[in-house]
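Every number in this text was worked out from the coordinates using simple rules, so none of it is lab data. What you are looking at is a predicted structure, and each value in this text was computed from that prediction instead of being measured. In this analysis, Cβ positions are derived from the backbone assuming ideal geometry, glycine residues included, and neighbour counts consider all displayed protein chains.
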Amino acid sequence: MKEERFDVLSPSFRADPYPRYAAMRGSSPVCQVDPGGMWAVSRWADVLFVLKNPALFSSQGFRAAMEPPWIGYNPLVHSMLALDPPAHTRLRSLVSRAFGGGTVSRLAPKVERLAEELADKLVGEVDFVKAFATPLPAFAIGEILGLDSTLHVYFKRWADDIVSIAPEPLSEAHATRVRTTIADLSGYLRGVVAARRREPADDTVSALIGAEADGPSLTEVEVVDFLVLLLNAGLETTTHLLSNTMILLARRPELWDRLRASPALAAPFVEEMLRYDGPAHSLPRISTADMTLAGVTIPQGSLVLALVASANRDERRFADPDRFDIDRGSQGGLQFGHGIHFCIGALLARMEARIAVSVLTRRFHRVELGKGEIRYNRALPVRGPVELLLRLS
């Protein structure tokens, strides 16, 4: 009897993938999934092996997964996200400083002020994604990149459309919208680059234009691709992290009470949240040779999904992994990746989440979920609600 494949983009899978991940880890830790027969790797040790060996599992997998024929050119997968050393090393060195501890520390007071302002508007039943979880990281990434604050409202739509790219579009309307988004976003960023060439500013865009590290300066196309990556990475992951956090806290009021009583727990809470239900779910790779993992041979040239969200619930790594434990000391597990592709925005995301949790638990006594079923996005790399109706009291 042929084993049924999981469809990792189906609504039922997206609503709660963790039981399916557990089934994979138990009986088929390396298996093919839909759409398209991708190879899913679900156990901690195997996921870590994939991430630690870019020569065997190339980051070109992002291009294979997110630049299908129907999309044409996707700037996200031409960025350093989809590059291996030495090209990746050179580009990463150009931007690492912009997301370092100094920048994050200087930005934190501004993020806290905005979080307080946004909290003031959380009256009645509100869509938390729109009212808080999107504008907070949009402001932060806009500040770092020096982008026009009046365009923050567009950032989320642009990012949502780009990460929704899959082997097949949902519909022709979806395909048209995504292609239009790529054209609009690329055109906007080309305008930003041109403006900075005429008049440099003290921001990351100007730094990228003028930077030289182990090679010539970046071309306009490279800068635009880079900015698309930074905009998406700085927005999508944090938005979903904040939303997933509020879902958990609405379902576990005792955690809300504990955070209100002990504000210092915000940091370990965020680390466990990253492990327990972080936004990143899969990191696509391409196998460069026939490779055997968990007794299964993955053919050369296969699209491989390293399921970091499954690895973070692996019972071989974490005791009672489906239990949320602030005191676990999990340090986020593999949520930010590993090795040369460890997320450059990890410090920023952690800061934003800590501040959000601190401000909201200080300002409100309780959070409750609104009516209706929570609908999740349809994207390979990240998972989070499209809309989240909440009541904060």
Please work out the FRET efficiency for the pair Arg177 and Arg113, using the Cβ-Cβ distance as r and a Förster radius of 35 Å; give the result to the nearest 0.05.
0.55
FRET efficiency for Arg5 and Leu170 from the Cβ-Cβ distance with R0 = 22 Å, rounded to 0.05, comes out at 0.70
If one puts a single equal scatterer on every Cα of the range 295-350 and applies the Debye formula without solvent, what log₁₀ I(q)/I(0) results at q = 0.19 Å⁻¹?
-0.85
What residues qualify as long-range amide H neighbours of Asp7, i.e. H under 5 Å apart, gap of 5 or more or another chain, H built at 1.01 Å from N?
Asp34
Residues with amide H under 5 Å from that of Met291, placed H, sequence gap 5 or more
Ile298, Gln300
Residue-wise, which Karplus ³J(HN,Hα) couplings in Hz belong to the range 259-264, taking 6.51 cos²θ - 1.76 cosθ + 1.60, θ = phi - 60°, and x for glycine or proline?
5, 5, 6, 9, x, 5
Quick one: divide the alpha-carbon radius of gyration of the range 323-393 by 2.2 N^0.38 Å and tell me what you get.
1.38
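For the range 169-251, what class follows from the C-alpha gyration tensor (a ≥ b ≥ c being the square roots of its eigenvalues): rounded when a/c is under 1.5, otherwise prolate if a/b is larger than b/c, else oblate? All intermediate terms of the calculation are to be shown ahead of the outcome.
On the way: a/c = 2.74, a/b = 1.53, b/c = 1.79.
Oblate, because a/c is 1.5 or more while a/b does not exceed b/c.
Just subtract the alpha-carbon distance of Ala264 and Ala194 from 0.36 nm times their residue separation and send over the number in nm, one decimal. List each step's numbers first, then the result.
Values: separation 70, 0.36 × 70 = 25.20 nm, distance 4.46 nm.
Separation in residues times 0.36 nm, less the Cα-Cα distance, equals 20.7 nm.
Only bridges with both residues in the chain count here: give the DSSP antiparallel percent, nearest 5. Numbers along the way, then the final one.
Details: 21 of 25 bridges.
Taking every DSSP beta bridge within the chain, about 85 percent pair in antiparallel fashion.
Past 28 Å, Cα to Cα, is the threshold; run Lys110/Lys371; Lys121/Lys156; Lys52/Lys156 against it and keep the listed order.
On the way: Lys110/Lys371 33 Å; Lys121/Lys156 19 Å; Lys52/Lys156 31 Å.
The answer is Lys110/Lys371; Lys52/Lys156.
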Binning every alpha carbon pair distance of the chain at 10 Å from zero, what are the percents per bin?
5, 23, 34, 26, 11, 1, 0
Where the only charges are on Cβ atoms (+1 Lys, Arg; -1 Asp, Glu), what is the dipole of the chain about its Cα centre, to the nearest 20 debye?
480 debye
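Nearest 0.05, what FRET efficiency do Lys130 and Arg251 give at R0 = 25 Å with Cβ-Cβ as r?
That gives a FRET efficiency of 0.75.
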Ignoring everything except DSSP H segments at least 4 long, calculate the 222 nm mean residue ellipticity for the chain; use -39,500 (n - 2.57) per segment, divide by total residues, nearest 500.
-15500 deg cm²/dmol
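Hey, could you get me the Stokes-Einstein D for the range 248-393, Kirkwood radius over alpha-carbon pairs, 10 °C and 1.306 mPa s, rounded to whole µm² s⁻¹?
Values: Rh = 17.2 Å.
It diffuses with D of about 92 µm²/s by this estimate.
Indicate the gyration tensor shape class of the range 90-203 (rounded, prolate or oblate), computed on the Cα atoms with a ≥ b ≥ c the square roots of the eigenvalues: a/c under 1.5 is rounded; otherwise a/b larger than b/c is prolate and the rest oblate. Each step should come with its number before you reach the end.
Values: a/c = 1.90, a/b = 1.08, b/c = 1.77.
Judged from the Cα gyration tensor, the range 90-203 comes out oblate (a/c at least 1.5, b/c at or above a/b).
How much length is gained on full extension from Ala55 to Gln331, taking 0.36 nm per residue of separation minus their Cα-Cα distance? Intermediate results must be reported in sequence, preceding the final value.
Details: separation 276, 0.36 × 276 = 99.36 nm, distance 2.68 nm.
Stretched fully, the Ala55-Gln331 segment lengthens by 96.7 nm.
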